[in-house]
Amino acid sequence: MKRKRIIWLGILVVLGIATYYIYTILFQFSKNTVIDSSSEHYTSLEDILSNPLFKDKLLYVDIWGTRCPPCIAEFKHSKKLQEHFQTNDEVMFVYLCSPYGNMDDKVRWKFFINEYELTGHHIFMNENCYMSVYDDIEQDPEKRYLIPRYFIARNGKIILSAAPPPSSGNTIVAIDNARKTL
């Protein structure tokens, strides 16, 4: 009986160590990727935009979901857009992930960030924050909570509440025009 317990304990230890290493290997992010550990503390768009890291930066904000195929399809274009602005320290990419309430949402969130090499600042919003963000960016009830959604902001102010998606040929122009304002 005692021998069986020791064997099972050994198996559990090995599985725990293997899980840790697999998780570490799967989620090795680029040095330009920030997984915001304060995500749970954000309650509104104002909280997010007041992050000191965003001061004097032009933010291209992508609201997406882990179970949204159109959101995920845009990621290959997001990478190209980021490459275009990689030498410009003024432009920053911020990704706000919408909650679905599933147990694996945060794992899927990190998986997609890693899989598509999405550099930038990543925030996993709680439901209250998600609702509050849409209160600030969309008044039309027909369009509320639709993702993907993009907007441009600077110093806590929204410059363009409906920015073009990364796949649009107009995105670079929209970001460049926003840089000239304020």
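Quick look at the values:
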{"quantity": "Selected residue [touching a His at 6+ places or on another chain (Cβ under 9 Å), in a strand (DSSP E or B), assigned by TED's automatic domain parsing to the domain that holds Asp56 and surrounded by 14 or more Cβ atoms within 10 Å (Cβ to Cβ)] from Phe151, Phe93", "calculated": "Phe93"}
{"quantity": "Every residue from region 56-90 that is surrounded by fewer than 13 Cβ atoms within 10 Å (Cβ to Cβ) and either among the β-branched types (Val, Ile, Thr) or touching a Gly at 6+ places or on another chain (Cβ under 9 Å) (or both)", "calculated": "Thr87"}
{"quantity": "Residue ID - surrounded by the most Cβ atoms within 10 Å (Cβ to Cβ), chosen from residues in region 125-144 that are farther than 23 Å from Lys110 by Cβ and in contact with an Asp or Glu (Cβ under 9 Å, 6 or more places away or on another chain)", "calculated": "Ser132"}
{"quantity": "Verdict on Phe112 being at pLDDT 85 or above, within 13 Å of the chain's Cα centre (by Cα), outside any loop (DSSP other than H, G, I, E, B) and within 19 Å of Ile152 (Cβ to Cβ)", "calculated": "no"}
{"quantity": "In region 151-182, the residues that are in contact (Cβ under 8 Å) with a residue 60 or more places away in the chain and more than 15 Å from Glu46 (Cα to Cα)", "calculated": "Ala163, Pro165, Pro166, Ser167, Thr171, Ile172, Ile175, Ala178, Arg179"}
{"quantity": "Lone qualifier among Glu40, Glu46 - being surrounded by 10 or more Cβ atoms within 10 Å (Cβ to Cβ), acidic (Asp, Glu), modelled with pLDDT under 85 and assigned to a helix (DSSP H, G or I)", "calculated": "Glu40"}
{"quantity": "Region 86-97 residues that are under 25 Å from Phe112 (Cβ atoms), paired with ones that are at pLDDT 90 or above and among the polar types (S, T, N, Q) (beta carbon under 6 Å, 6 or more apart)", "calculated": "Phe93/Gln82"}
{"quantity": "Region 115-134, residues that are under 12 Å from the mean Cα position of the chain (by Cα) and among the polar types (S, T, N, Q)", "calculated": "Thr119"}
{"quantity": "Criterion (without any contact (Cβ under 8 Å) to a residue 12 or more places away in the chain and out of contact with any strand residue (DSSP E or B) (no Cβ under 8 Å at 6 or more places or on another chain)) met by exactly one of Pro52, Pro70", "calculated": "Pro52"}
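The values are calculated or read from the model by the stated rules, or taken from the named source; none is laboratory data. Computed from a predicted model, the values in this text were never measured in an experiment. Glycine also receives a Cβ, built like all others from the backbone with ideal geometry; neighbour counts cover every protein chain displayed.
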